[in-house]
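The values are calculated or read from the model by the stated rules, or taken from the named source; none is laboratory data. Since the model is a prediction, treat every value here as computed from it, not as a measurement. Virtual Cβ from ideal backbone geometry, glycine too; neighbours counted across all protein chains shown.
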Amino acid sequence: MYLFRLFISALLFSFSFSSLTLAAVIIPKPPVLDATAYILMDADSGEVLVEHNSGERLPPASMTKMMTSYIAVHEIVEGNVTEDTMVPISVTAWKKGGSKMWVREGTEVKMIDLLRGIIVQSGNDASIAVAEYFAGSESAFAGWMNQYAQEFGMFDTNFENATGWPAEGHLTTARDLALLAKHIIKDHPTYYSLYAEKYFEYNDIRQPNRNKLLWRDPSVDGLKTGHTEEAGYCLAASAKRDDTRLIAVVMGTRSEEARARETQKLLGYGFRYFETHKLYSKGDVLATEKVWLAKQDTIDLVVAEDIYMTLPRGSRDELVAEVVSPDYPEAPLSAGQGVGTLTLKMGEEELGKHDLVAATDIEESGFFGRLIGSIKLFFVRLFA
């Protein structure tokens, strides 16, 4: 096994690193929020910075509509519908109570308008119209929502409808909603800007986005509020400052003002004491190794995916990257095949491990090349 170290501060760039156990600076404890459950997650690294009861299954209220809108946007991106696809409005959608976009029974509405009605106005009528269009009924659409939830790793979530209307078994967690928010931001970045829109007017009725942080904090650009008597006042929010994007989910506060205030506390703490760095990009070459029994002499070991790390601000310790590869890699090898590991460490503490893969296909040499190479490899191993 071959190992060498890269001192990231010297070879990549200089940046700060510490953990709560290794920190050169003291990071205060996170704020205790007046909420049933909450979580603060970095959108790039996925690291959870703060959490309280984040795995408790709770009613999500209208934050449910994040999944409804995700599926509709995904269908647009996949080319199955367009923004201008006309969606019929049923009696069921028109009659639904609660927050409304104010669509009319028997009319047809553009898909993009319904999306704004869901995201900005939190319209139950718009949500049901979209659900019925894609799946024939709201209950069938809920089954589709649950399939996406499983795919995203939202294993503590069950949707019974597309709106968040109170229903037995309609539950999720703060952690699962943070995962959903991450997918909304990352999977369809072109449409994420819808979540930052402050107003939407339809049918001569202009309604504001209920996310008060869109007015209070210019770094906040989404996502979705929710409220029922059982759920309390809830908010999933995201904000970006410099190269760091955070996701905060707060569930079960006492008022509209409280959900905005408590969420802002969480985001403020995260940005004050943490920052996220992109250490490597997918395809970066970290090592070049001799390859045996092959038509070419060497193979590049590359990073399989972008690597981000969320770090406490203010520390200056060196982060060490250790690359480990097989002693005698042999052809054939396929592009993307695992051929090593990258371990990020601070002192003796391991902070993360990532796969390194072959950059290209490596073909076997011919018969005589393999014969001669096998003899050479035998003696190399013998005297190693």
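Values for this structure:
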| read-out | value |
| --- | --- |
| Residue match in region 189-203 (condition: buried (at least 23 other Cβ atoms within 10 Å of the Cβ), within 20 Å of the chain's Cα centre (by Cα) and not acidic (Asp, Glu)) | yes |
| Hits in region 102-150 - residues which are closer than 17 Å to Tyr195 by Cα and either touching a Pro at 6+ places or on another chain (Cβ under 9 Å) or not small (Gly, Ala, Ser) (or both) | Met111, Ile112, Asp113, Leu114, Leu115, Arg116, Ile118, Ile119, Val120, Gln121, Asn124 |
| Residue that is farthest from the chain's Cα centre (by Cα), among those in region 336-369 that are over 16 Å from Lys290 (Cα atoms) and of a type in the set (A, V, I, L, M) | Met346 |
| Matching entry among Val324, Val320 (being surrounded by fewer than 18 Cβ atoms within 10 Å (Cβ to Cβ), more than 26 Å from Asp243 (Cβ to Cβ) and β-branched (Val, Ile, Thr)) | Val324 |
| Hits in region 318-335 (condition: within 28 Å of the chain's Cα centre (by Cα) and not small (Gly, Ala, Ser)) | Glu318, Leu319, Val320, Glu322, Val323 |
| Every pair of residues 6+ apart whose Cβ atoms lie under 8 Å, when the first sits in region 202-213 and is at positive phi while the second is of a type in the set (A, V, I, L, M, F, W, C) | Asn203/Met101; Asn203/Trp102; Asn203/Val103 |
| Per-region count, region 39-79, residues in a helix (DSSP H, G or I) and crowded, with 18+ Cβ neighbours inside 10 Å | 14 |
| First in region 297-321 and modelled with pLDDT of 85 or more, second anywhere and among the aromatic types (Phe, Trp, Tyr), Cβ under 6 Å, 6 or more apart | Val303/Tyr280; Ile307/Tyr280; Thr310/Phe274 |
| Scope region 144-186; condition part of a strand (DSSP E or B) and either among the β-branched types (Val, Ile, Thr) or in contact with a helix residue (DSSP H, G or I) (Cβ under 7 Å, 6 or more places away or on another chain) (or both); matching residues | Asn158, Thr172 |
| Residue list for region 112-137, filter: farther than 21 Å from Pro208 by Cβ and either buried (at least 24 other Cβ atoms within 10 Å of the Cβ) or under 21 Å from the mean Cα position of the chain (by Cα) (or both) | Ile128, Ala129, Val130, Ala131 |
| Any hit, region 222-242, residues being loosely packed, with under 14 Cβ neighbours inside 10 Å, of a type outside the set (Val, Ile, Thr) and touching a Lys or Arg at 6+ places or on another chain (Cβ under 9 Å) | no |
| Ala287 in a loop (DSSP other than H, G, I, E, B), farther than 30 Å from Val32 by Cβ and more than 20 Å from the chain's Cα centre (by Cα) | no |
| Number of the exception - Ser334 against (1) modelled with pLDDT of 85 or more; (2) surrounded by 14 or more Cβ atoms within 10 Å (Cβ to Cβ) | (2) |
